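Novice: Dumping the structure here so I can ask a few things about it.
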Amino acid sequence: TPITVRELAAKINATIIGDASLTATGISEIHHVRPGDITFVDVKKYFDKALNSPATVIILNEKTECPPGKALLLCDDPFTAYNSIVKFYRPFRPLTANVSPEANIDATTIIEPNAVIGPNVRIGANCYIQANAIITGHVIIGNNVTIEAGVVIGTDAFYYKRTSDGHTKWHPGGRVIIEDNVDVGSTSTINIGVSGDTIIGEGSKLDSQVHIGHDTVIGKRCLIAGQSAIAGNTIIEDDVVLYGQVGVVQNLTIGAGATVLAKALVTKSLKGGKTYFGAPANEYREVYKELAALRKLPDFLRNKKGHSA
């Protein structure tokens, strides 16, 4: 429901700079903003990024000139103000039943004993939710999806802001969306989106003990092997394969058709259509050449020492 700038200012006790007649239709951190969104900035060096973003309403802690078509809300603690708005529209709701009466589940879907399904969940046709799986609120699951035993979908993000009082958790305002024909292996975890949606694309398959971070987007037909972990705000494009125990850091992109071999650590964006290995991950042929050269190093040093003698 749209909210006016004046209402927002009153809610967070802020001073309006700019167009007070505007309305906001969403809220998001700076990574995901669209026109109509509220966002915040509390560090001077990021002011220009926020002011030049698509956001319509920007909460900040220092008086500055307002760009045309926007409204600024001046207050002492922008992050707390932002978090309080999200909490108002997405209040905490503990689970009170194994299957919430507010969940919308197709009659053809199988729900095994002890599965827990929260409010504002929609599950399509011919899905299979195994025993002891937990699907918290604000999750959308398509058709022909298998959620194996012990999976938890919609866990809070491991996402905190350092404040004078310690680490303050970002309150989630996003969703998890799992598209058609997805399999999620046992004891995997998928974080709910903080300011966007965490998405698992059509036809993708997750092995057991896979972790997907908040606001991460997995493309179509991806294969992610066991004990792999993908941090938040990352994009995995279509047809990507991650072998076992691959780690992927936050805020990067792995291009379509890429393959990342086992135990690799992805620390930067990777181009599609290539195979990668190592920590940090690089094209596997280059890494293998380096490893082959490294194996020859002891002989090289011995020969050099003997030659010097």
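The values are calculated or read from the model by the stated rules, or taken from the named source; none is laboratory data. Being a predicted model, the structure only gives us computed values, none of them experimental. No Cβ is skipped: glycine too gets one built from the backbone with ideal geometry, and neighbour counts run over all protein chains shown. Calculation scope for accessible area: heavy atoms of the full protein, side chains included, ligands and nucleic acids excluded. Shrake-Rupley method; radii C 1.70, N 1.55, O 1.52, S 1.80 Å.
Novice: Could you list, in sequence order, the residues of segment 51-106 that are open to solvent by less than 50 Å² (accessible area, probe 1.4 Å), assigned to a helix (DSSP H, G or I) and touching a residue at least 60 places away in the same chain (Cβ under 8 Å)?
Specialist: PHE79, ALA81, ASN83, ILE85, VAL86
Novice: Please enumerate the residues belonging to segment 183-193 that are farther than 15 Å from ILE230 by Cβ and either modelled with pLDDT under 95 or not small (Gly, Ala, Ser) (or both).
Specialist: Residues satisfying the conditions are ASP183, THR187.
Novice: Quick one: ILE236 ticks every box in (1) touching a Cys at 6+ places or on another chain (Cβ under 9 Å); (2) on the phi > 0 side of the Ramachandran plot except a single one, so which number is it?
Specialist: All conditions pass for ILE236, except number (2).
Novice: In addition: So, in segment 216-230, exactly how many residues are open to solvent by 10 Å² or more (accessible area, probe 1.4 Å) and in a strand (DSSP E or B)?
Specialist: Number of matching residues: 3.
Novice: Here is a list: ILE123, ILE129, ILE117, ILE140. Which entry is modelled with pLDDT of 95 or more, open to solvent by 20 Å² or more (accessible area, probe 1.4 Å), within 18 Å of ILE190 (Cβ to Cβ) and of a type in the set (A, V, I, L, M)?
Specialist: Result: ILE140 is the single residue among ILE123, ILE129, ILE117, ILE140 that is modelled with pLDDT of 95 or more, open to solvent by 20 Å² or more (accessible area, probe 1.4 Å), within 18 Å of ILE190 (Cβ to Cβ) and of a type in the set (A, V, I, L, M).
Novice: Of all residues in segment 113-140, which are without any contact (Cβ under 8 Å) to a residue 24 or more places away in the chain, in a loop (DSSP other than H, G, I, E, B) and not hydrophobic (A, V, I, L, M, F, W, C)?
Specialist: PRO113, ASN114, ASN120, ASN126, ASN132
Novice: Looking only at residues that are open to solvent by 40 Å² or more (accessible area, probe 1.4 Å) and over 20 Å from GLY124 (Cβ atoms) in segment 168-188, which one is nearest to the chain's Cα centre (by Cα)?
Specialist: Per the criteria, the residue is LYS169.
Novice: Taking ILE111 as meeting all but one of (1) farther than 30 Å from GLY150 by Cβ; (2) at pLDDT 95 or above; (3) touching a Cys at 6+ places or on another chain (Cβ under 9 Å), write down the number of the exception.
Specialist: The number of the failed condition is (1).
Novice: Suppose we filter segment 189-215 for residues that are surrounded by 24 or more Cβ atoms within 10 Å (Cβ to Cβ), outside any strand (DSSP E or B) and of a type in the set (Ser, Thr, Tyr); how many remain?
Specialist: Adding up the residues that qualify gives 2.
Novice: Give the number of residues within segment 143-167 that are open to solvent by 40 Å² or more (accessible area, probe 1.4 Å), part of a strand (DSSP E or B) and modelled with pLDDT of 90 or more.
Specialist: Residues meeting the conditions: 2.
Novice: Here is a follow-up. Among the residues of segment 231-248, what is the count of those that are open to solvent by 30 Å² or more (accessible area, probe 1.4 Å) and in a strand (DSSP E or B)?
Specialist: Qualifying residue count, segment 231-248: 2.
Novice: Exactly one condition in (1) over 22 Å from ILE153 (Cβ atoms); (2) open to solvent by less than 80 Å² (accessible area, probe 1.4 Å); (3) assigned to a loop (DSSP other than H, G, I, E, B) is false for ASN251; which is it?
Specialist: Here ASN251 clears every test but (2).
Novice: Can you list residue pairs whose Cβ atoms sit under 8 Å apart, with the first residue in segment 1-25 being at negative phi and charged (D, E, K, R) and the second being in a loop (DSSP other than H, G, I, E, B) and buried (at least 19 other Cβ atoms within 10 Å of the Cβ)? Count only pairs 6 or more apart in sequence or on different chains.
Specialist: Final answer for the pair search is ASP19/LYS70.
Novice: Would you please name the residue that is farthest from GLY232 (Cα to Cα), looking only at residues in segment 1-33 that are of a type in the set (S, T, N, Q) and either in a strand (DSSP E or B) or under 29 Å from the mean Cα position of the chain (by Cα) (or both)?
Specialist: Within segment 1-33, the match that is farthest from GLY232 (Cα to Cα) is THR15.
Novice: Six or more apart or on different chains, Cβ under 7 Å: which pairs go from a residue in segment 229-254 that's within 22 Å of GLU179 (Cβ to Cβ) to one that's of a type in the set (Asp, Glu) and open to solvent by less than 70 Å² (accessible area, probe 1.4 Å)? Could you list them?
Specialist: GLY232/ASP215; ASN233/ASP215
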